[in-house]
Amino acid sequence: GENVEQHPSTLSVQEGDSAVIKCTYSDSASNYFPWYKQELGKGPQLIIDIRSNVGEKKDQRIAVTLNKTAKHFSLHITETQPEDSAVYFCAASPFGGDKLIFGTGTRLQVFP
Amino acid sequence: DTEVTQTPKHLVMGMTNKKSLKCEQHMGHRAMYWYKQKAKKPPELMFVYSYEKLSINESVPSRFSPECPNSSLLNLHLHALQPEDSALYLCASSLPGLTNEQYFGPGTRLTVT
């Protein structure tokens, strides 16, 4: 079955700096890769996703890149702000499947 | 609108109690999910309903009983739970299809005493 590894587990950056979180998946049949942001006491919020027919997707300060050959995908946050502080989860989903396989999460702290 | 609502927000129950968690979405989604999340861990899938039929049960103990009365509602009935069942219970929904774009509710924080 699919397995998703996520690094780093914690990440501290200064406000205005960039943050990068990386994930690796094992199942080459996976074709959908969402990223979720979870703030304390809240449910995960879908912030960006990418499908396997696309290499990069950007939405304002966040971007996701996908390398299908290496089975890597990454979340890039530019010009970080204190409100970006949260736990971020990557996930992978096989074609037509109902399951999301989550990474272990990254706690991002942005210091003012 | 990508809103999934869950009630109650918090629940404390004894090991002999029976309680239910409720989830609702009005996005026309046809797949609904229950997840369990322990502190500092990712969500862990419990059940999937697709077109109101149970399609996935991740070997969840029978003290958890899901129910999907209609395409907008999802319940999780709880009975004889253990303290280790204390967790955040999350509901999610999606349009079944080629991708699995899931939207989560805020969760119910369950404490079993």
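Taken together, the values in this text are just the output of simple stated rules run on the coordinates, not laboratory data. Small disclaimer: the values here were computed from a predicted structure and weren't measured. Here Cβ is always computed from backbone atoms with ideal geometry, including for glycine, and neighbour counts include all displayed protein chains.
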Would you kindly derive the ³J(HN,Hα) couplings of the range A:45-57 from the backbone phi angles with the Karplus curve 6.51 cos²θ - 1.76 cosθ + 1.60 (θ = phi - 60°), listing them in order in whole Hz, with x for Gly and Pro?
10, 5, 10, 6, 8, 9, 9, 5, 8, 10, x, 8, 9
Using every Cα-Cα pair within the range A:73-112, state what percent have a distance larger than 16 Å.
48 percent
Residue by residue through the range B:6-13, which ³J(HN,Hα) values in whole Hz follow from phi under the Karplus form 6.51 cos²θ - 1.76 cosθ + 1.60 (θ = phi - 60°), with glycine and proline marked x?
9, 9, x, 6, 10, 8, 10, 9
With label points set 7 Å from each Cα along the Cα-to-Cβ direction at A:GLN109 and B:THR16, the distance between them in nm comes to 4.5 nm
Among A:THR104, A:GLN14, A:ASN67, the residue whose Cα sits farthest towards the positive end of the charge dipole of chain A, when +1 is placed on the Cβ of each Lys and Arg and -1 on the Cβ of each Asp and Glu, is A:ASN67
Would you grab the residues whose amide H sits under 5 Å from the one on B:VAL12? Only those 5+ places off in sequence or on another chain, please, with H modelled 1.01 Å from N.
B:THR111
Can you pull the one-decimal nm distance between simple spin-label points at B:LYS41 and A:THR69, each 7 Å off the Cα toward Cβ?
3.8 nm
Mark the label point 7 Å from the Cα of B:GLU67 along Cα→Cβ and return the residues of the range B:1-21 whose backbone N is within less than 12 Å of it.
B:19-21
Whole-Hz ³J(HN,Hα) for each residue in the range B:60-67, computed from phi via Karplus 6.51 cos²θ - 1.76 cosθ + 1.60 with θ = phi - 60°, x for glycine and proline: what do you get?
7, x, 5, 5, 9, 10, x, 8
The simple spin-label model distance between B:THR7 and A:ALA29, using points 7 Å out along Cα→Cβ, in nm, is 4.1 nm
Answer in debye to the nearest 20: the dipole magnitude of the protein assembly as shown about its Cα centre, from +1 Lys/Arg and -1 Asp/Glu charges placed on Cβ, is 460 debye
What list do you get for B:PHE104, B:PHE64, A:PHE73 if you sort them by fewest beta carbons within 10 Å?
B:PHE64, B:PHE104, A:PHE73
